[in-house]
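Participant: Got a structure for you, written out below as structure tokens; questions coming shortly.
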Amino acid sequence: MRAAVDAYRTMVEKDLVPESAATDNGVNFLSFTNGKIGQQSIGAFSIGSLVNDHPEINFGVTLIPGIEGGASSFAGGDNIVVTAGTPKLSAVQEFIEFAYSPEGQKILAQNGSIPTRLDIADQTLEGLDPRLQVAVDAIDVAKTPYTLLFNDLINSANSPWATFTNAAIFGDDVDGAFATAQDDMQAIIDNAAP
Amino acid sequence: MTIAAVAPVAGATRRRSKAHQWKGLLYIAPAMVLVLVFFVLPVLFTVWMSFHNWPLMGQPKWIGLRNYSRMLSDTRFLSAIGFTAFYTVIVTVAIFALAFPLALFVERERRGVGVYRSIFFLPVVVGLATASLLWTWLANVDSGLFSPALRALGLTEHSINLLATFEGAFTTIVVMVVWKIVGFTMILLLTGLQAIPSDLTEAARIDGAGRWQRFRHLTLPLMRRTLALALILSITGSVLAFDQFYIMTSGGPQNSMISVVYYIFNQSFVSFHLGYGAALSIVLLIALVALSVAQLWLLRVEDER
Amino acid sequence: MANATGMALRQVRKSFGGHEVIHGIDLDIEAGEFVVFVGPSGCGKSTLLRMIAGLEEVTDGEIEIGGRDVTNLDPSVRGIAMVFQSYALYPHMSVRDNLGFGLKMAHSSKGDIERQVEAAARILKIEALLDRRARPALGGQRQRVAIGRAIVRKPEVFLFDEPLSNLDAELRVSMRIEIARLHRELGNTMVYVTHDQTEAMTLADKIVVLRDGRIEQVGSPREVYEDPANAFVAGFIGSPKMNFLNAVAMPDSTVTVAGARLAPATRARAVGPVTLGLRPEHLVLGPSGDDDLPASAEFTEYLGGTRFLYARLADGQSIVAEHRDGPDVVPGQMVHLRCPKERMRLFAGTGERLR
């Protein structure tokens, strides 16, 4: 992780990163679509939307390259949540089974979603855009961080993770950024325990 | 309309005055209902929530004062208080330092004074969120106004991202807020200035008081009430600041501009600690009331007998 | 007389935005004189006073106080003090601080301020008020404080801008006497603006009658009353107002009014129409004869000590007469009015006095 941070810092130092990157809060998340960007690190879900919504864009996909060769990725996803005590449990069950059936997977993939069942991925992606295959390959090398506090720790604009990436890449004190992020994350986890 | 001419009997008069009181209650009832429904009840409910661990989904659990005791060791909350206090002081000083000269400038009847007043007041009618968005664009490093302008003028070598550092972003926000608010404070101060009879100023001129002495010994003391009002409005507004930080910097860079309200928002609607957010809100409410009482007391005007 | 200083205005003019309101005033004021500017509202008397005070810029001309040209000096260094109609007390200060404000601005020592404030308070008998907040309840007391503040400045010239207008009738009389006493005791030059001719007549050594930014007449109260320069002054000074009757000057130096023939002591310069001025208080009711003005009574006002009779001459001109003695007159009754011939005044159609 240190090496990755250093790589990013080097890019900033060499003036390869636009000034606006330091305050990019994700408003222009998929800036790929305006055709002005050459390369973007982004979640695999965007492959589907580019394929379906922007057939005019010519793009290639690859895994994020590692510092010393190899590739990396992390896998997360959206959840199906069932509220406690619902009287329609059997209908929900039926829907989930359908979503994970070969037929359901196919429908999801056709609409730009990445296949979730690796065992039938080949079957699911058959006849679809080959670039979606990269997403399936990513799952092989992906790590999956797991927490109930994902929003607080990672996703929110004021999360320790968001603060950390900015501080580590654009700030002056990399060690401090690591230490602060560690402490802040721990504090959030500690406070969440009821 | 007819007026019945009834000979007033002692009993009738009393009955009528009682009916009169009921009628008075009836007239203020709508206002009372509004205050009750939209202020008193929500505050009471917030107090009730603050004694609970109250998640967005799931069952609230009574935890007594634990939400309150948690604040004392919540470093993020304490730093939010520190930042809010810092911001309040800077912004209030900046607004008054500019609003007073402006008020003095537009008080005197001169050519085009109406135009000046309108120009200074115009930003006030823009919403704070709208103004924030406007200034976010103005401060944008690539497509905005300030950075490219500075660069075009040769003052900076390449475009500087104003919002990327605390100093730059904080200055930009303070300037934006002053631009947005100063006209309102100016109008308030102007009414105070205009309430001072010109005879007093002239008497002071004859008494040999110079411009500054007149301001110090006459204008300021006679404007105590106006100043108290303007100060309370300004400080309350600053303590409750949220929109500009949320919109312009998302609390950044690196969470350095999380105000108290921003923190309450995050706790309540990002982390879904609704009980803790409620407790923080109650503490903020008490702090604001205390601040206002303190200011009124400092700027009190003794009853003139 | 301590501190008494003369004053002079030389061709003083004032314009507001190109519109001239004071048209070249020349006036000399002797040291220690009490001068009253009087005139109807809008005549420029207050503007003129404010120009002397330095509160209004002088468009043209020169103002001298004690031989010193003060035209462009700051109000505070002109050697004047001013008392305003509104009192203009500093509402947030005690009476003591109000009185001492000017000295404080001049950086006088604390002991000095104390002494002078006490002295002024003694003159005005307001020692008891000193440590109260400003705004004594009574207008009279407020006006005393305002005058006290002027005294503390030890000015060469006192300026008063309608100082008694906000007081009720009774207080106005007593404060008027107070101001007269103050002038006697201090001996300063005082300039006083009022629209009230009683104040003007009782206080002034010299009355300046103003109209439309011009001086109509300067003179002692007796001079402006008995020897008015024109019909305006004659009509403005005196109450009830002088009767102005349309008359015709005859070759034999008599005048005819409504068919009656009168013989004033002065004679008109030429034969023809003139205005005959008769003061109500100089008219006497009497039996018919050949030198009287017959008039039919319309109504009377009974004022206790005196009565005003409103009547109409044969040609319809109205006339007012004051009478104290004799039986009451009833409406519709014919009366015969006489005036001593040296009291009759003749004016040309332009208002100019004929002597």
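Just so you know, all these numbers are worked out from the coordinates, no wet-lab data involved. This one's a predicted model, so the numbers in the text were calculated from it and none came from an experiment. For neighbour counting, all protein chains shown are included, and Cβ atoms are generated from backbone atoms with ideal geometry for every residue, glycine included.
Participant: Mind sorting B:PHE242, A:PHE150 by how few other Cβ atoms lie within 10 Å of their own Cβ, fewest first?
Facilitator: Working: B:PHE242 18, A:PHE150 14.
Going from sparsest to densest Cβ surroundings: A:PHE150, B:PHE242.
Participant: Most fluctuating residue of C:ILE52, C:ILE147, C:ILE177 in a GNM of chain C with Cα springs under 10 Å: which is it?
Facilitator: With Cα springs under 10 Å in chain C, the top fluctuation among C:ILE52, C:ILE147, C:ILE177 is at C:ILE177.
Participant: Here's something else I'd like to know. Where Lys and Arg each count +1 and Asp and Glu each count -1, what net charge lies around A:THR180 among other residues with Cβ under 14 Å from its Cβ? Intermediate values should be presented prior to the final figure.
Facilitator: Working: positive: B:ARG76; negative: A:ASP172, A:ASP173, A:ASP175, A:ASP183, A:ASP184.
So the environment of A:THR180 carries a net charge of -4.
Participant: Is there a quick way to get the dipole size of segment C:240-354? I mean about its Cα centre, with the Cβ of Lys and Arg at +1 and of Asp and Glu at -1; what is the value in debye to the nearest 20? Kindly include the intermediate steps, with their values, before the conclusion.
Facilitator: Numbers: 13 positive and 13 negative charges, 82 e Å.
That gives segment C:240-354 a dipole magnitude of about 400 debye.
Participant: Among B:LEU65, B:PHE242, B:PHE39, whose Cα lies farthest out toward the positive end of the dipole of chain B, if unit charges sit on the beta carbon of Lys, Arg (+1) and Asp, Glu (-1)?
Facilitator: B:PHE39
Participant: Out of residues 5 or more away from A:THR147 or on other chains, whose amide H comes under 5 Å of its own, with H placed 1.01 Å from N in the peptide plane?
Facilitator: none
Participant: With +1 assigned to the C-beta of every Lys and Arg and -1 to the C-beta of every Asp and Glu, and no other charges, what is the dipole magnitude of chain B about the Cα centre in debye, to the nearest 20?
Facilitator: 1080 debye
Participant: Counting partner chain Cβ atoms within 10 Å of every residue's Cβ in A:67-73, what's the average? Write down the numbers at each step before the final one.
Facilitator: Working: counts 0, 0, 0, 0, 0, 0, 0.
Taking all residues of A:67-73 together, the mean is 0.
Participant: Moving on. Using 1/(1 + (r/R0)^6) with R0 = 22 angstrom and r between the beta carbons of A:VAL174 and A:PHE45, what's the FRET efficiency to the nearest 0.05? Before the final figure, lay out the partial values.
Facilitator: On the way: r = 30 Å, r/R0 = 1.38.
The formula returns an efficiency of 0.15 here.
Participant: Follow-up. Is any residue of segment B:61-85 close enough, with backbone N under 20 Å, to a label point placed 7 angstrom from the Cα of B:LEU285 along the Cα-Cβ axis, and if so, which?
Facilitator: Within reach of a label on B:LEU285, which here means backbone N under 20 Å from a point 7 Å along Cα→Cβ, segment B:61-85 contributes B:61-72, B:81.
Participant: Let me ask something else about it. Towards the positive end of the charge dipole of the protein assembly as shown, with charges on Cβ (+1 Lys, Arg; -1 Asp, Glu), say which of C:PRO340, C:LEU159, C:LEU89 has the farthest Cα.
Facilitator: Of the candidates, C:PRO340 comes out farthest on the positive side.
Participant: Let me ask you something else. Tabulate in residue order the Karplus-calculated ³J(HN,Hα) for segment C:143-160, using 6.51 cos²θ - 1.76 cosθ + 1.60 with θ = phi - 60°, rounded to whole Hz; enter x for Gly and Pro.
Facilitator: For segment C:143-160, the Karplus-derived couplings read 5, 5, 4, 4, 5, x, 4, 5, 5, 4, 6, 6, x, 6, 10, 9, 10, 10 Hz, x marking Gly and Pro.
Participant: Let me ask something else. Going by how many other beta carbons lie within 10 Å of each one, how would you line up C:THR275, A:THR33, fewest first?
Facilitator: A:THR33, C:THR275
Participant: Okay, moving on. Where the only charges are on Cβ atoms (+1 Lys, Arg; -1 Asp, Glu), what is the dipole of the protein assembly as shown about its Cα centre, to the nearest 20 debye? Show your work: numbers first, answer last.
Facilitator: Details: 75 positive and 84 negative charges, 711 e Å.
Dipole size: approximately 3420 debye.
Participant: Same structure again: Give me B:TRP137, B:TRP179 ranked fewest to most by other Cβ atoms within 10 Å of their Cβ, as a rough exposure proxy. Please list the in-between numbers first.
Facilitator: Numbers: B:TRP137 11, B:TRP179 17.
Ordered from fewest to most neighbouring Cβ atoms within 10 Å, B:TRP137, B:TRP179 come out as B:TRP137, B:TRP179.
Participant: Got a sec? Charge dipole of segment B:66-298, +1 on Cβ for Lys and Arg, -1 for Asp and Glu; which of B:GLY168, B:SER268, B:VAL283 is way out at the positive end?
Facilitator: Checking the options against the dipole of segment B:66-298, the answer is B:VAL283.
Participant: Here is a further query. According to a simple spin-label model (label point 7 Å from Cα along Cα-to-Cβ), what is the distance in nm between B:ALA149 and B:PHE105?
Facilitator: Using points 7 Å along Cα→Cβ, the separation is 1.6 nm.
Participant: Which residues does the label zone of B:ARG224 cover in segment B:265-303, counting backbone N under 17 Å from a point 7 Å along Cα→Cβ?
Facilitator: Under cut-off, by backbone N: B:293-303.
Participant: For segment C:61-71, in order, what is each residue's ³J(HN,Hα) by Karplus, 6.51 cos²θ - 1.76 cosθ + 1.60 with θ = phi - 60°, in whole Hz (x at glycine and Pro)?
Facilitator: x, 9, 10, 10, 10, x, x, 9, 6, 10, 3
Participant: Something else about it: What does the C-alpha gyration tensor say about the overall shape of segment B:159-305? Classify as rounded when a/c is under 1.5, otherwise prolate if a/b is larger than b/c, or oblate. Could you put the intermediate results ahead of the total?
Facilitator: Working: a/c = 3.98, a/b = 1.83, b/c = 2.17.
It is oblate, given that a/c is not under 1.5 and a/b is not larger than b/c.
Participant: Using θ = phi - 60° and the Karplus form 6.51 cos²θ - 1.76 cosθ + 1.60, what ³J(HN,Hα) does each residue of segment C:252-264 get, whole Hz, x for Gly and Pro?
Facilitator: My calculation for segment C:252-264 gives 8, 6, 9, 10, 10, 10, 6, x, 8, 10, 10, 10, x Hz in order.
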